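To start, the structure itself, in structure tokens.
The values are calculated or read from the model by the stated rules, or taken from the named source; none is laboratory data. For clarity, every value in this text was computed on a predicted model and none was experimentally measured. Note: ideal-geometry Cβ built from the backbone for every residue, glycine included; neighbour counts use all protein chains shown.
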Amino acid sequence: MVQQLLAILPVSPVGCEVLLRTGQYQGCRGVVAAVDAEDLAHPVVRVLLDRSGRRIAPFEVDLRVERAVLAAVSVGESLAVRASA
């Protein structure tokens, strides 16, 4: 039953805060903007903060193409807190 659930739920749902861990955008932070039902593990991420935590003009990175690894941001490191720092 768990495997069936994982097959239909995205790893990172839309709106989830993420940290790009590898690739060209390593260290940047953003939110999941879209998830393709055919590839739940590689969403489109709207990047909002650069590696230093500064706000930048938002842009989207399609992880189906970029294949960067991402991880959910913990509550203590939310974008709202970092962006206001």
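Quick rundown of the values:
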{"read-out": "Candidate set from segment 1-38 (those that are out of contact with any strand residue (DSSP E or B) (no Cβ under 8 Å at 6 or more places or on another chain) and assigned to a loop (DSSP other than H, G, I, E, B)); member that is modelled with the lowest pLDDT", "value": "MET1"}
{"read-out": "Of all residues making up segment 31-50, the number that are crowded, with 18+ Cβ neighbours inside 10 Å and without any contact (Cβ under 8 Å) to a residue 40 or more places away in the chain", "value": "9"}
{"read-out": "Listing of strands (runs of 3 or more DSSP E) fully contained in segment 39-85 that carry 3 or more residues being more than 16 Å from CYS16 (Cβ to Cβ) and at pLDDT 95 or above", "value": "55-62"}
